[in-house]
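Report on the following structure.
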Amino acid sequence: MPARDLHTEMMTLNMGPSHPAMHGTVRMKLTLDGETVVHCDPEVGYLHRGFEKMCENRTWPQCLPYTDRLNYSSPLINNVGFVLALEKLLGAKSTPRADFIRVIISELSRITDHFTAIAAGALELGGFTPMIWGVEARDHLYNLVEDLTGARLTVNYTRVGGVKHDLPVDFEAHWREYRDKILKLHHDIDVVLTKNGVFLDRNEGVGCISRADAIEHGFTGVVLRSTGEPYDVRRAHPYLVYDQLDWTVPVGTKGDNLDRYLCRMEEILQSISIIDQCLARLPQGPFLSSEWASALPDKEYVYHTIEGMIAHFEMIMKGIEVPPGEAYGYVEGGNGELGFYLVADGRGGPYRCHVRPPCFALMQGLHLMVEGGMLADIIPTFDSINMIGGEIDR
């Protein structure tokens, strides 16, 4: 019987949330013609931590630990983004040394985020060994973060006017040690995946999105740059000391899964170079502002002066008294533009706090990347955008 005479019906299928590839709470309502995806309606799920409303019932310093939970692969960038928005609202500045330290910790987080995405993407295509290498590289980075902050994941490290404490005296030596190991693991992943026939078949020409569609849907980060659009907040709207450093923005051409993988691989090398430059040019001086109205005084003053003790008490009990106003601050997160919109009414905490998570925009355009493709192609495509449930939080 000719194929055109066969009677077929569309099938509606729920993919997730109880599915190992759907990362927790995400569900995709699919309409399938055989194994071809005709329509995809992604639902971000019901993971609601209430980040914004919790912040509106806390003091400004108490909001910082909550930012760690947004993108748990790169919590230090979340810290930096929130504090930069708050400093913009205050009209405050951090110290020159703290600016370099903030760049270092942001790039450590970016490398961690990219290795996590690459490792997960390889695993779900059957690449168990590259996944182990990616997790090993991430563990080396966690060791550095633990030396610096005392924690591996929920770090709570930045402060208005600087950072919680200075780099350890042996930080640069440890970085040099782990840097060589990370580069070796990066090379191993590159050798095994980049020219692997199976990996190429599952990623090249799959999950494509055009530059125009990506911009229309608010895409940023690696997914946008994979289309050839070189938008990077660090370059387009320089903050901290990024405009003083020598680095490039990797871009793709096709906007497919392979381009996103290649962009992440190159960005890891760029981030390593940025850290090297920052450590070579790290200025001496304080790591935290001495403005007691917005920064906790040094313990020397708290223990030995009445002014220091009162300033410490006021900050802990009432928070930072921010004059009424509003500000939007944004940084280049692991997956794109991470923004914080803050409104102050003169109290010690935010009247309104809103986060602009990059993954929320990526999810609203995901259907364009999978419709017309095969059911099995959803897995590598969904991995390639590196959706983080914690930051969507809607």
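The values are calculated or read from the model by the stated rules, or taken from the named source; none is laboratory data. Quick caveat, the model's predicted, so the values are computed rather than measured. Cβ: placed from backbone, ideal geometry, glycine included. Neighbour counts: every protein chain shown.
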### Task
List the number of the failed condition for E136; all other conditions in (1) without any contact (Cβ under 8 Å) to a residue 60 or more places away in the chain; (2) buried (at least 22 other Cβ atoms within 10 Å of the Cβ); (3) out of contact with any Phe, Trp or Tyr (no Cβ under 6 Å at 6 or more places or on another chain) hold.
(2)
### Query
Pick from the range 293-331 the residues that are hydrophobic (A, V, I, L, M, F, W, C) and not in a helix (DSSP H, G or I): which of them is modelled with the lowest pLDDT?
A293
### Task
State yes or no: is T227 closer than 19 Å to C359 by Cα and in contact with a Pro (Cβ under 7 Å, 6 or more places away or on another chain)?
no
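Here are some residues: E332, E321. Which one is charged (D, E, K, R) and within 23 Å of A214 (Cα to Cα)?
Answer to the selection: E332.
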### Task
Among the residues of the range 216-241, count how many are crowded, with 16+ Cβ neighbours inside 10 Å and not hydroxyl-bearing (S, T, Y).
14
#### Entry: the range 23-49 residues that are modelled with pLDDT under 90, paired with ones that are aromatic (F, W, Y) (beta carbon under 9 Å, 6 or more apart)
H23/F382; T25/Y46; V26/F382; V44/F360; R49/Y66
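Here is a yes/no grid of residues against (1) among the acidic types (D, E); (2) part of a loop (DSSP other than H, G, I, E, B); (3) at pLDDT 95 or above:
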| residue | (1), (2), (3) |
| --- | --- |
| D113 | yes, no, yes |
| G121 | no, no, no |
| L185 | no, no, yes |
| V206 | no, yes, yes |
#### Entry: Residues of the range 349-394 classified as among the acidic types (D, E), assigned to a loop (DSSP other than H, G, I, E, B) and either under 14 Å from R27 (Cα atoms) or within 22 Å of the chain's Cα centre (by Cα) (or both), total
1
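Going by what's in this entry, would Y66 be described as free of Cβ contacts under 8 Å to residues at least 24 places away in the same chain and aromatic (F, W, Y)?
Criteria met by Y66.
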### Task
Could you list, in sequence order, all residues of the range 218-263 that are on the phi < 0 side of the Ramachandran plot, in contact (Cβ under 8 Å) with a residue 60 or more places away in the chain, in a helix (DSSP H, G or I) and touching an Asp or Glu at 6+ places or on another chain (Cβ under 8 Å)?
V222, V233, R234, N257
### Task
Might you let me know whether the range 323-331 holds any residue that is surrounded by 16 or more Cβ atoms within 10 Å (Cβ to Cβ), over 21 Å from H217 (Cα atoms) and touching a Pro at 6+ places or on another chain (Cβ under 8 Å)?
no
